[in-house]
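Each reported figure results from applying straightforward, stated rules to the coordinates on display, with no laboratory input. Treat the numbers as computed from the prediction; the structure is a model and nothing was measured. Please note: Cβ atoms are built from the backbone with ideal geometry, for glycine as well, and neighbour counts cover all protein chains shown.
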Amino acid sequence: MTLTEKDTEIIQKTWTMVRADSIQAGVDLFRKFFEANPDYVKLFPFDNHEDIEAVLKSSTLKMHAGRVMTALSSIVDNLNDPIMFEENLQKIIISHVQRNIELKQFENLKLALVQLLMDKLGTNIMDDQAKESWSKAYDVILETYKKSKQNSQSS
Ligand code: HEM
């Protein structure tokens with residue numbers, strides 16, 4: 001699956017709008033992710049795993065949300081540069097394979113991310129074409145993750 005120049009342009013344009021308030025967007029992303037998948041909260045080093053509202057207000061979550069947003073920004077910024085793109089992605093993937101994060105969990109983050117973009121930007125900007133571009137780009141992450149997991153299990 002290859003991203004076209006148009007896909008890249010759409011992704012970079014829409015991401016620029018969302019990352020303008022990066023920490024808030026990151027917190028909103030985790031709100032969606034945890035509300036849809038409450039059991040994932042336990043994977044993170046938060047003090048009180050039971051109370052999602054408290055987690056979302058914590059400085060630990062804000063710091064983590066910032067890191068995830070920065071990582072996503074590097075992926076998006078490097079869509080036009082296959083070598084940097086691959087390097088960036090591999091770094092993130094290796095650290096998550098080592099943490100035993102499941103493919104399903106990555107798939108569920110895709111749902112939260114696309115929903116975040118739709119809520120922030122509306123369906124005029126996040127139209128079917130934009131949704132498709134994001135979906136294709138995230139599927140590259142999923143494919144790479146699947147391969148990395150298989151390699152780590154067979155070695
Ligand atoms: C594109 C998707 C993702 C990106 C860009 C991303 C990014 C990051 C970054 C930058 C870090 C901190 C640096 C590091 O340790 O590597 C991190 C840590 C972490 N991520 Fe992700 N992540 C993604 C998906 C996920 C998913 C799906 C899960 C599982 C539910 C997850 C769980 C974790 C956990 C548990 C940590 C460690 C937190 C800590 O110890 O503070 N990540 N992630």
**OP:** Straight distance only, please: which lysines reach the Cα of Lys32 with their own Cα at less than 26 Å, same-chain residues fewer than 8 apart left out?
**Re:** Lys13, Lys42, Lys57, Lys62, Lys91, Lys104, Lys110, Lys120, Lys131, Lys136, Lys146, Lys149
Subject >> trypsin sites (Lys or Arg not before Pro) within segment 48-155, DSSP loop, no more than 11 other Cβ atoms inside 10 Å >> reply: Arg99
Original post:
Ranked by Cβ crowding within 10 angstrom, fewest neighbours first, how are Thr8, Thr14 ordered?
Top reply: Thr8, Thr14
**OP:** At q = 0.17 Å⁻¹, work out log10 I(q)/I(0) for segment 77-146 with the Debye formula, treating every Cα as an identical point scatterer and leaving solvent out; two decimals please.
**Re:** -0.70
**OP:** Evaluate the chain: find the radius of gyration of its Cα atoms, find its Kirkwood radius, and give the ratio Rg to Rh.
**Re:** 0.96
**OP:** Please report, in cubic angstrom per residue, the volume enclosed by the convex hull of the alpha-carbon atoms of segment 10-78.
**Re:** 84 Å³
Original post:
Computed FRET efficiency, Cβ-Cβ of Glu35 and Ser152, R0 22 Å: what is it to the nearest 0.05?
Top reply: 0.15
Original post:
Add -39500 (n - 2.57) for each DSSP H run of 4 or more in the chain, then divide by its residues: what number comes out at 222 nm, to the nearest 500 deg cm²/dmol?
Top reply: -26500 deg cm²/dmol
**OP:** Report the label-to-label distance for Leu111 and Thr2 in nanometres (one decimal), using points 7 Å from each Cα along the Cα→Cβ vector.
**Re:** 3.3 nm
